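Report on the following structure.
No lab work stands behind these numbers, since they all come straight from the coordinates. Here the structure is a predicted model, which is why all the values come from computation and not from measurement. Heads up, the Cβs are rebuilt from the backbone with ideal geometry, glycines too, and the neighbour counts pull from every protein chain shown.
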Amino acid sequence: MAGPVSFDPSSALGDALVILGAAGIVIPLFARLRITPVIGFILVGLVVGPYGLGRLVFDHPWLEYVTISDPEGLKPFAEFGIILLLFEIGLELSFNRLWAMRRQVFGGGAMELLVAGSLIAFALSLMGQPLGGAMGLGLALAMSSTALVLPITGTQSPVGKAALATLLFEDIALVPAIFLLGALAPHAGSDSWSALGRTLALGTLVVALLLVLGRLLLPRLFAQAARTKSPELFMAASLLVVIVAALATGAVGLSPLMGALLAGLLIAETDYHTEVEAFTAPFKGLALGVFLLTVGMSIDLRVVWDSLWTVLAATLAVLVLKAVVTAFALRLMGARAGTATEAGILLASPSETTLIVLAAASAAALIQPGTAQFWQIVTALGLTVTPILAWLGRRVGRSVDQEAARRQSDDELDPADSRAIIVGCGRVGRLVADMLETHGKPYLMIDADADQVRDATRRGHNARFGDAARSGTLSRLGVEQASAVILTMDEPVGAQRLVRKLREQYPELPIIARARDVSHAAALYRAGATHAVPETLESSLQLSEAVLVDLGVPMGPVIASIHEKRDEFRARIMKEGELDEMPRLKSASLRDH
């Protein structure tokens, strides 16, 4: 007969409960606060780690229940999370897309790593660090965090694509960098270079073998798993492929990350990549949470406090130097100024692979243990502020784009007679522009969002950057000769202010405004709009009409009830908008202009 189950808070089960408890608290709490959970996991790791509450376990044994007893035991799970992240990146890519990115990967990525690493190494050597150790630290600190950056940016946006190219080269360069450090070791001989040659040869063979076997076997493997209709088997097959590929590349001395990325690329070529991504995503999220916990647990606040200003100065210096070098490299590769700036700031923090390279440099006796610990703390702090860097990068990048677009628009804007001015280049504004083009009516679109202007221009619209709320913008566009001003932005208060301002200055100007609902339409009429079109009203009435007809109600009564309901809203707008007559709500009312 089985005995009673006892719970040991210092066991792996106790650590697992702490991790799951942290995930259950951090994720919903920080989501509610609209803060990335990255910071939350790092802070939790700081609290429950050996340098936080773990210090007090001897005096307060009950703290064992809320602390991590074996931080080293979590590292394999953290590494598995990064492996799954690279696998997910591979699923979002394809060989064709990767080949198309080769210039950015081996151009911009190589430039960032080599230039930033060389500058950091040069600065450290001037401060007295031996050349070999300075080179090791330069390579380590020049790397950026794949685990934190890509979940923030994705891989589809311009910033995400720029970051992905840089990070891919760094992941590829990791193994040669570690071998280089071994060759620079004080007691290294020619064996290090021969070992590098053997690793590259075996690695090439393994990669080629994985490519051939993957294309032949993976479609059959997942087809068989799909036929069983067993989610467990499908998930097991997915994890098996990731682990086998990572182990295969790791066994010959390459990075397991390369195997994981290759597995994702191979599965992305099959018809099952969407399902595989859905099954592996939860594992990736939890394992990345464990990785972030280990980052927090590596920060010793007492060491930070003892050398606070030195740590902060070193962290700031690394962040600024990497941001400038990365932005410059991306700009040379053709990235837009705003994209290069945002990506440069985001990629400024060190990486989880920085810790790997630091360990390799320390093992090769290129740097002292105390030096390695100092830069590990700098790396942990850099990882901690990555979400803040993402926010700062977005703000600065947007400002750079807007300033560039403003300078361009000031040169290009010229008044024109009798054209409509569309304020807002979003979905509604583009649709209005399409209709005006269809009927041969001249127009000009303006928007204060540089990304929206660029997107509209790429679609062939006549769009310029400009802030309609800023004094003088609309007058420079010739608003006094405009056939109409059409406000399409989804900013209720801003739209009312602009309508009121335009009506005061141009009493005869036709102003057609997009309204959120009936109440907003009434407010726009009070402000002076010629027509205000509630976007939710007509869509709701058309939806009701389709439902009633599908349910078998005759078309005649349906149309009558729709007209009756529309008249109710017209009467409400007339009353709240202080109008002399009921407004026309159907789109036909726009034909007069």
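Might you report the magnitude of the Cβ-based charge dipole of the range 449-593 about its Cα centre, with Lys and Arg at +1 and Asp and Glu at -1, to the nearest 20 debye?
Using Cβ point charges on Lys, Arg, Asp and Glu, the range 449-593 gives about 440 debye.
Would you mind calculating the gained length between Ala278 and Leu332 on full extension (0.36 nm times residue separation, minus the Cα-Cα distance), in nm to one decimal?
So the chain would gain 15.7 nm between Ala278 and Leu332.
Test of the criteria: in the range 477-560, which GluC sites (Glu not before Pro) are in a DSSP loop and have at most 13 other Cβ atoms within 10 angstrom of their Cβ?
Taking the range 477-560 and a limit of 13 other Cβ atoms within 10 Å, the loop GluC sites (Glu not before Pro) found are Glu508.
Given only helices, namely DSSP H runs of n ≥ 4 each adding -39500 (n - 2.57), what is the per-residue ellipticity at 222 nm of the chain, to the nearest 500 deg cm²/dmol?
Rounded to the nearest 500, the figure is -22500 deg cm²/dmol.
Have a look at Ile299, Leu209, Ala163 and report the one farthest towards the positive end of the charge dipole of the chain, computed about the Cα centre with Cβ charges (Lys/Arg +1, Asp/Glu -1).
Projecting each Cα onto the dipole axis, the largest value belongs to Ala163.
Where in the chain is the longest stretch that carries no chymotrypsin sites (Phe, Trp or Tyr not before Pro) classed as loop by DSSP and with at most 10 other Cβ atoms within 10 Å?
59-593
Divide, for the chain, the radius of gyration over alpha carbons by 2.2 N^0.38 Å, where N is the residue count.
Dividing the Cα radius of gyration by 2.2 N^0.38 Å gives 1.21.
Suppose every K and R has +1 on its Cβ and every D and E has -1 on its Cβ; what is the size of the dipole of the chain about the Cα centre, in Debye to the nearest 20?
800 debye
Measure off 7 Å from each Cα along the Cα-to-Cβ vector at Ile388 and Asp550, then give the distance between these two points in nanometres to one decimal.
5.1 nm
How would you classify the range 273-366 from its alpha-carbon gyration tensor, with a ≥ b ≥ c the square roots of the eigenvalues: rounded for a/c under 1.5, else prolate if a/b is greater than b/c, otherwise oblate?
Taking the square roots of the gyration eigenvalues as a ≥ b ≥ c, the range 273-366 is oblate.
Just subtract the alpha-carbon distance of Ser561 and Arg458 from 0.36 nm times their residue separation and send over the number in nm, one decimal.
Stretched fully, the Ser561-Arg458 segment lengthens by 32.8 nm.
List every residue whose amide H lies under 5 Å from the amide H of Tyr443, counting only residues 5 or more places away in sequence or on a different chain, with H placed 1.01 Å from N in the peptide plane.
Ala420
As an exercise, use a Förster radius of 41 Å and the Cβ-Cβ distance of Leu56 and Val320 to find the FRET efficiency, rounded to the nearest 0.05.
0.65
Tell me, what HN-Hα J-couplings in whole Hz come from the Karplus equation 6.51 cos²θ - 1.76 cosθ + 1.60 at θ = phi - 60° for each residue of the range 225-237, using x for Gly and Pro?
Couplings: 5, 5, 5, 6, 6, 10, x, 5, 5, 5, 5, 5, 5 Hz.
Enumerate the amide H contacts of Ala513 below 5 Å, restricted to partners 5 or more residues apart or on another chain; note that Pro and chain-start residues carry no placed amide H.
Leu487, His531, Ala532, Val533
Using the beta-carbon distance between Ala100 and Lys575 and R0 = 56 Å, what value does 1/(1 + (r/R0)^6) give for FRET efficiency, to the nearest 0.05?
Calculated value: 0.40.
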